[in-house]
Amino acid sequence: MALQDVCGLHNPPLFPQWSAPLSRSFMPEDSTHLSGGGIHGEAFSTRLPGRGGLSPLEFYMPIAEYLTESPINFGQTSLSSAPTKLLEIDHLHPSLPSISAAADTRSSCSGLVACPASPKVLPIHSHLVGTTSGTSADCALWKRILARELRLYKLRHHRRLSTGGAAKLLSHMLHPFKGTELCVAATLCGWDGDDEKHEQPITEKHANTPTNQMTASNSSVVRSRSRICGPRVIYVCSDGLRLQGELFSVGSGSPYAYSILDSSVYWGMSVQEATEVAREAVYRATYRDAYSGNNVDLYHVTAKGWRRRERENLKEEYYREKERERARVAERNAEKKAILKSDDGEIV
Amino acid sequence: VMISARAYGDNGKMKEYHYTGPVEHKFSPYAFNGGTVLAVAGEDFALVASDTRLSEGYSIHSRDSPKCYKLTDTTVIGCSGFHGDCLTLTKIIEARLKMYKHSNNKSMTSGAIAAMLSTILYGKRFFPYYVYNIIGGLDEEGRGAVYSFDPVGSYQRDTYKAGGSASAMLQPLLDNQIGFKNMENVEQLPLTLEKAVQLVKDVFISAAERDVYTGDALKICIITKEGIREEIVPLRKD
């Protein structure tokens, strides 16, 4: 209708008495304020996914408007949920690489710490662990859905789906919600391979590239589908990004964690060293980032599956650091005194 | 009666009453009705307590509107936030409980109810139920269990949790008294039922002092293997 067009009412809602002046209800500006600061620094549109598919029973609700007014903050806001997670592929020795995953445990809701002890690293199955960042409800639910789908896959095909496959599955499941305020940034850390017997020793260089190994049946020239065995770390987020890598840090405290990781991680470090570095990185992130804190959880994924280290309260670490600082200061003062004494001696 | 949200600020309080320019009044499907809920789990008991005041903006709609709803013989849920959504959500939960009972010939356990509630809440992820839920009950082994939720279904099992308008005031006190947080050299005795009930009463009396949306009366549901007992304690009515 002409008048509607002039007023900018393109799609009249089915229940006009409920609607707000529609002129402002399309193209809401990015809802970064809803997500407590914006994820990944980009604008994040919350346009409803297409008006066309609505059934007559659905209200047309321009979501951004209502939510700016309502005090709901969706539980855990995205960046604030800040699990600083690091996932590194270590080498125990060239044939036994593994993954260390660490995360803090603070969940916040626009300034209030909603839960100081929330688990951000969730095991999905025996050889796959996923870290979560973003809105907790979204992460928890989508992980649950992923676990169900992986279980069904295992039952139907008699083998575990690879980490890459799981990441692709998660990414494709999240794709229909692109553009909504769903916020999931997960890193899947898993070990691929049928079982330990089939595990091939992997050389240092190719630990993560698919090694084109011929399977027993196909020894001819034809390149069979490469049997990838070993650890894999893949980052999946609700924007649609899917990245494989060796080292990731996600969340609001990630820059601080990256600084520790970039200086201390090297190819060929032992599990002990890796655990230390991971713990230190999370500690430093909690030190500087307001939305990270409380405890640190550490998981270790190997060919035998995942193993969990006991949750450690970082409060003790702060006190220990104070002690170390005190000792350092005392030492420095003693040195200075010694230098002054020797100077006096010379002048005289 | 739901009044347009523009007249009210973020948390239900009325905005400044002077002319700031032309204001666009919009309809909001949500309202904030106040109220505080608290749940504590012990070795063999669980407590769910709530105040009974129902307010909106500057008015009190009712002084006798408790926020605890009995679900089964071993589970009670406390819902605070928007009263309309609380009522609908409890109706849906009760219907699902009946369906489960009829098809599985047994009552739902606390853990199962919590998992189900999480999916019910997430089902409306893009137009949420504006309710802060806390479930208190006994698990299959008879130990106390508390499950706390956010409006979109994220949940976890706790020992104690406060939700609602005075939650930011109550939670730190519970952290200290029940969780023994930030206390050095203190003997950590297990929580008895009598001590827990007394603590809950004291904590609500304090909340009523400082939070305008909490007051009138306190209703405590005490869940033990013998069943569910209720206690009503008067609070400040101003």
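The values are calculated or read from the model by the stated rules, or taken from the named source; none is laboratory data. Keep in mind the model is a prediction, meaning the values are calculated, not measured. For neighbour counting, all protein chains shown are included, and Cβ atoms are generated from backbone atoms with ideal geometry for every residue, glycine included.
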Of those in the range B:157-190 that are at pLDDT below 90 and touching an Asp or Glu at 6+ places or on another chain (Cβ under 8 Å), the residue farthest from B:I232 (Cα to Cα) is B:N182
Residues of the range A:154-177 being out of contact with any Lys or Arg (no Cβ under 8 Å at 6 or more places or on another chain) and closer than 23 Å to A:V233 by Cβ, in sequence order, are A:R159, A:G165, A:A166, A:L169, A:L170, A:H172, A:M173, A:L174, A:H175
Wholly inside the range B:123-238, strands (runs of 3 or more DSSP E) that include 1 or more residues that are among the aromatic types (F, W, Y) and in contact (Cβ under 8 Å) with a residue 40 or more places away in the chain are B:131-138, B:155-158, B:160-164
Out of (1) farther than 30 Å from A:L128 by Cβ; (2) outside any helix (DSSP H, G or I); (3) not small (G, A, S), the one A:K336 does not meet is (2)
Subset of the range A:108-126, residues at the interface with chain B (Cβ under 8 Å from one of its Cβ atoms) and within 17 Å of the chain's Cα centre (by Cα), comes to A:S118, A:P119
From the option list B:L38, B:L117, single residue qualifying as surrounded by 13 or more Cβ atoms within 10 Å (Cβ to Cβ), more than 13 Å from chain A (Cβ to nearest Cβ) and either in contact with a Lys or Arg (Cβ under 8 Å, 6 or more places away or on another chain) or at pLDDT 95 or above (or both) is B:L38
Taking the range B:120-135 and keeping only residues that are at the interface with another protein chain (Cβ under 9 Å from one of its Cβ atoms) and of a type in the set (F, W, Y), one is left with B:Y122, B:F126, B:F127, B:Y130
Of (1) surrounded by fewer than 16 Cβ atoms within 10 Å (Cβ to Cβ); (2) farther than 20 Å from A:S118 by Cα; (3) within 12 Å of another protein chain (Cβ to nearest Cβ), B:N105 satisfies every one except (3)
* Filter pass, A:V329 being in contact with a Leu (Cβ under 9 Å, 6 or more places away or on another chain) and of a type outside the set (G, A, S) -> no
